[in-house]
Amino acid sequence: MMDDFWWITTGLKVLFVLIVLLQVTPIMVWVERRGSALIQNRLGPNRVGPLGLIQSLADALKFIFKEDRVPGHAYKFYYFLAPLISLIPAFMTFAVVPFASSIMIDGREVVFQAAEMNVGLLYIFAIASLGVYGIIMAGWASNNKYALFGSLRSTAQMISYELSMGLSIVGILMVFSSVELGEIARGQGEILFQLGPFAIQKWGVFIQPVGFFIFLTSVFAETNRLPFDLPEGESEIVAGYHLEYGSMKMALFFMAEYVNMFTGAAVVSTLFFGGWQMLPGMPLILDSLGFTGMTHEWTRVLFEHLSFGMKVAFFMWLFVWVRWTLPRFRYDQLMDIGWKFMLPLSLVNIFVTGMMIYWGVL
Amino acid sequence: MNSKTVEIKDRKNMKPLDEAQWPSQFNLTVDHDPDDLWDDSRIIVNIGPTHPAMHGALRVVARLNGEIIEKSYSEFGYTHRAKEKLGEHRTYHQFIVYTDRLNYCSALMNNIAYAMSVERLMGVEVPTRAVWLRMMCMEIARVIDHFICIGINAVDLGAFSYFLYGFHQREEAYTLIEKLCGARLTTSYARIGGMAYDAPEGWEKEVKAWVERTREVIDEMNVLLTDNKIWRKRTEGVAVFDQQSCMDYSFTGPNARAAGIDVDLRKAQPYLYYSDVEFDVPLGQNGDCFDRYMVRLEEIKQSLNIISQCADRIQKGPIWSEDKRVRIPDKEVVHNTMEGLIHHFKFFMTGFQVPPGEAYSAFEATNGELGFYISSKGDSMAHRMRIRGPSVSHFQGLNQMIEGSYIADLVAALGSINIIAGELDR
C-alpha cells in the first residue's frame, strides 16, 4: 500500500493543505480589516497594493522585524512553548477534512483528504481541544494577572462548549452512521426530496437544523470569536492570554486563531452543508461543458474544490460579520448559555433524532 | 473579624507538634478582614491608569473573588493640571482656553458656561443672536458628548461598529463647529460678552441638514443595539445606582435622570432661551447601565429638536454686547485710531476688571451640573476660581456601583457614567 504512488499523492495533499492553511491568516486579516471597514462605513487599508491586498504582507514583515522581547517575570520555557502548542494542533486538525471527492489515477483511487482516518471527527475533537493547553500555558507563563484571567476564562469556555459541540453532532453521526468525514460528505449527496426541477440534497442543515445552530455557536465559542471572545476581552482584561506576547509570538497566536476558524468553517461546511458536494446549478454547468474522460473528471474535482471553498468562505465571512455586529457576553452569561441552554438542547436533539431514526423518518 | 490559624507541620518526622510546642514565629495567624481591601487571601487587580477601559487616566484597585469584585477603591488625579489655580493667575479672557480642556468632548459647553458665569458676575447682557448661537453650540456639544459616551460604552462591551456610526456624525458636527471658529476639538469659541466670530452665511441650514441626518443615524443605532439581546443582558440590572444613592453621591445630569430623579437645570433654572423652546427631559427608572444608555440616546433626540428650533428662530444681528468693559475693540478702530489701539493694548495686556463679589453659576452640561464659582476682588484676575465638574461625584459612586458585580460590569459601569478625566482631574 505504501508505495511510491502513495507517498507522492499523500505528500502532495499534505503540501496543498499546508499551503492553504498558511495563506488563510494573511487573507483573513485582509478580509477582516476590509470587511470591518465595509460594515463601519470606512475605507480600511487601501494603500499597500491593489485594494490593500499586500497589507497583510507588510503586517507580517512588521511582526518578523519587531524586537522579540521576553518579559523578565515570565517563565521562559513555557512562554516560548505556548504559541507553538496553540499553533500546531490548529494545523493538525485540518488533516481529516475532505476538500473534494476522489479521482481515479492509474486505476487507483485518490481521495482528496490529507488523512483518511476512520476516527475522523473524533480526531478533530481530540486535537482541537489540545489547543487550549497553549492558551493556559501562555496565561500561566506570562505571570500576569490579566493573562491568567484570560487563560482561565478560555479553559472554562472550551470545556463548557466542547460538551455541547460534541453532543450537537451526535445527531449527524447517527443519521450517516459514520464518524469519517468523507463518508458523511458523500452521504449528503443523496436526494432528500425533489422539489420540481430542484433536488434538495440531504445536507446536514436540513436534517439537523438544531444541531447546526448549536454547533455553529459552539464553533464561535471554541475559536474565541465575538460574541464569545472573553479570553481576549480587549476592554476588560486588555488582551487576555497573549497580553505579554509581542512580535512573531503574538503573530503565531493570531495564526492559530484564524486557522482554527478555517477548520471550524470547514467542519461546519462538511457536516452540515454537504462538504465538497457541488452547489446547486454546478452539475448543470459541468454537464454543459461537455468534457469527457479525465478532463471531465478533473473539472469535476475542480468544481468540488470550488464549492467547498465557497462554503468555507461564506462561514469565514460570517465570523467577520458577527464579530463587527454583536457585543460581547459576560463570563457568567456565557456559562449559562453553555450549560443551561445549549447542553440540554443538544441532548433533546439527540433524543428526537433517535426517535426519528427509530420510526424511519430519517 | 474571623481569623484562621495556619497549621505548620514539623518537617523532620512529619508529626504535627502540639500547639504549645510551636515556636512563636510559627504561630501564624492570617487575619481575614472583609473590609480590608489589601486582604492577602484574594487577588488584587490594578485596573488602570493605563487600562484601555479607563477613559483618560483613572485607577481602580479591585479585590476579586473569582471574577467578582468584592471591594474596590478608585483613584484619580493622574491628569491634574491645576486649572483652578491657573484661573487665579490668568485674566478672565485668558482662562477661556483652559475651559476647553475640562470636558474635552464638549468643549463648547464649557466655553459658553464659563463666559456666562463671568457675565452674570458683571451683569453683562448678550444680544439675541449670540444667545441663540450659544444654545445651538451647547446642544451640538451635548449631542457630540452623548454620541461618544454611548459609543464608547458599546466599544467597552465589544460592539465596535456602533461606536463608529455615531462617530461619523460627530465628525460632521465638528465640521460645523470648525466653520464657526476654525477649531474642531478645543474650540475657545465663546468670549465674555459675545462670541468670537459670527456664524457664516447659511450655517443654520447646514445645521438643520445635519440634524436630519443625525436623526436617521440615531434610528439606525437604535435598531442595531437597543433591542439586541446581548446588549440588554450586559446592561440591564448592571451597576444599579438607585435614587437614594444618587442623592447621597450628588449625582446630576443623565446619570441621576436614569435613576428617575427629575433634575435638569435647563428646566429648573432656565438660562439662555431654554424656557422658549420645547423639549422633554427623559427619565429612567432603575438607574442601571441600560437606563443611562437610553436616557442619553433620548437626550440626543431632544437636543436635536432644540437645535432645529434654534435654527428656525435665530435672526441676523450683533453677536457682541455693547458693554465697553468686555467688548473687544473692532479691528477697524484699532488699526486707525490711537485711542482704539490703546484700548486694544490695555484690553489684552491687563484684561478687564470685574466688580468685587462672588457668584456660583451652574449649568446643565452633558454629564450634569457644571458650575463655576468665581470670587472677584475687583481685579482683572479672579481672586478664587472653583469648578464643579459633574464627573467628580459620579466617579466617587463607582465603587459602590460595582461592588459584587463582575469585572466586565466595571467596564460597563465606567463607560455608562461617562467619566471624562479632563473635568474630573481639572
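Quick notes on this one:
- Dipole moment magnitude, nearest 20 debye, the stretch B:308-426 about Cα centre, only Lys, Arg, Asp, Glu C-beta charged: 440 debye
- Label zone (B:Thr50, point 7 Å along Cα-to-C-beta; backbone nitrogen cut-off 19 Å) within the stretch A:100-143: A:142-143.
- With the biggest extent put first, the Cα atoms of chain B measure 104, 51, 32 Å across the principal axes.
- Size descriptors for the stretch A:26-105: radius of gyration and Dmax over Cα atoms are 18.6, 58 Å.
- Across the stretch B:221-238, coupling constants 3J(HN,Hα) worked out from phi with the 6.51/-1.76/1.60 Karplus curve, θ = phi - 60°, read 5, 4, 5, 5, 10, 4, 9, 5, 4, 5, 4, 4, 4, 6, 10, 6, x, 9 Hz, and Gly and Pro carry x.
- Across chain B, C-alpha contacts under 8 Å between residues 6 or more apart give a mean separation that, scaled by the residue count, equals a relative contact order of 23 percent.
- Hydrodynamic radius of the stretch A:70-164 by the Kirkwood approach over all distinct alpha-carbon pairs: 15.4 Å.
- Based on C-alpha pairs under 8 angstrom that are at least 6 apart in sequence, chain A has a relative contact order of 22 percent.
- For the protein assembly as shown, the residue among A:Met356, A:Phe198, B:Ala413 whose Cα projects farthest onto the positive side of the dipole built from Cβ charges is B:Ala413.
- Chymotrypsin sites (Phe, Trp or Tyr not before Pro) lying in DSSP loop within the stretch A:212-297, provided at most 15 other Cβ fall within 10 Å: A:Phe291
- If R0 is taken as 22 Å, the Cβ-Cβ distance between A:Leu84 and A:Lys62 corresponds to a FRET efficiency of 0.60.
- For B:Lys71, the residues whose amide H sits under 5 Å from its own are B:Arg63, ignoring neighbours fewer than 5 places away on the same chain, with H placed 1.01 Å from N.
- Per-residue 3J(HN,Hα) values for the stretch B:284-292, derived from phi via the Karplus relation 6.51 cos²θ - 1.76 cosθ + 1.60 with θ = phi - 60°, read x, 10, 8, x, 9, 4, 5, 5, 5 Hz in sequence order (x marks Gly and Pro).
- The stretch B:250-280 versus the stretch A:124-200: alpha-carbon centroid distance in Å: 53 Å
- Rg over Rh, two decimals, the stretch B:347-426 (C-alpha only, Kirkwood Rh): 1.19
- Ranked B:His146, B:His80, criterion: other C-beta atoms within 10 Å, fewest first: B:His80, B:His146
- DSSP H segments from chain A that extend 18 Å or more along their own axis, Cα-based, with Kyte-Doolittle mean of -0.5 or above: A:4-39, A:76-92, A:145-168, A:209-222, A:247-272, A:293-323, A:343-358
- When the helices of chain A are scored as -39500 (n - 2.57) per DSSP H run of n ≥ 4 and the total is divided over every residue, the value at 222 nm lands at -20500 deg cm²/dmol.
- Across the options B:Val97, A:Ile8, A:Ile39, the greatest Cα extent toward the positive end of the charge dipole of the protein assembly as shown (unit charges at beta carbon of Lys, Arg, Asp, Glu) belongs to B:Val97.
- For chain A, leaving out every one of the trypsin sites (Lys or Arg not before Pro) that falls in a DSSP loop and has at most 16 other Cβ atoms within 10 Å, the longest unbroken run is A:70-362.
- Angle in degrees between helix B:107-122 and the longest Cα principal axis of chain B, rounded to the nearest 10: 60 degrees
- Angle in degrees between helix B:407-416 and the longest Cα principal axis of chain B, rounded to the nearest 10: 10 degrees
- Along each principal axis, Cα extent of chain A, largest first, Å: 64, 49, 48
- Dipole magnitude for the stretch A:114-272: computed about the Cα centre from +1 point charges on Lys and Arg Cβ and -1 point charges on Asp and Glu Cβ, it is near 60 debye.
- MRE, 222 nm, helices only [DSSP H, n ≥ 4, -39500 (n - 2.57), over chain B, to nearest 500]: -13500 deg cm²/dmol
- Remark: the protein assembly as shown carries a charge dipole of roughly 1300 debye about the Cα centre, counting +1 on each Lys and Arg Cβ and -1 on each Asp and Glu Cβ.
- Comparing B:Leu121, B:Leu283, B:Leu108 in a Gaussian network model of chain B where C-alpha atoms under 10 Å apart are linked, the largest mean-square fluctuation is found at B:Leu121.
- All Cα pairs of the protein assembly as shown, percent lying beyond 33 Å: 63 percent
- For the peptide B:62-69, the mean number of other protein chain Cβ atoms found within 10 angstrom of a residue's Cβ is 2.
- For B:Glu358, the residues 5 or more places off, or on other chains, whose built amide H falls under 5 Å of its own are B:Ser376.
- Karplus-derived 3J(HN,Hα) values for the stretch B:353-360, using 6.51 cos²θ - 1.76 cosθ + 1.60 with θ = phi - 60°, are 9, 9, x, x, x, 9, 8, 10 Hz; glycine and proline are entered as x.
- With a threshold of 20 Å on the Cα-Cα distance, the over-threshold entries among B:Lys85/B:Lys377; A:Lys145/B:Lys71; A:Lys13/A:Lys249; A:Lys249/A:Lys311; A:Lys145/B:Lys233; B:Lys267/B:Lys301 are A:Lys13/A:Lys249; A:Lys249/A:Lys311; A:Lys145/B:Lys233.
- Nonlocal amide H pairs with A:Leu192, under 5 Å, H built at 1.01 Å: A:Ile200, A:Gln201, A:Lys202
- When chain B is treated as a GNM with alpha-carbon contacts under 10 Å, the residue of B:Val118, B:Val333, B:Val131 showing the greatest mean-square fluctuation is B:Val333.
- Label-point separation, B:Asn336 to B:Thr350 (7 Å along Cα→Cβ), nm: 2.7 nm
Where a number appears in this text, it was derived from the coordinates with a stated rule and is not lab data. Everything numeric here is computed off the predicted structure, so don't read it as measured data. Because the Cβ atoms are built from the backbone with ideal geometry, glycine has one as well, and the counts that use them run over all protein chains shown.
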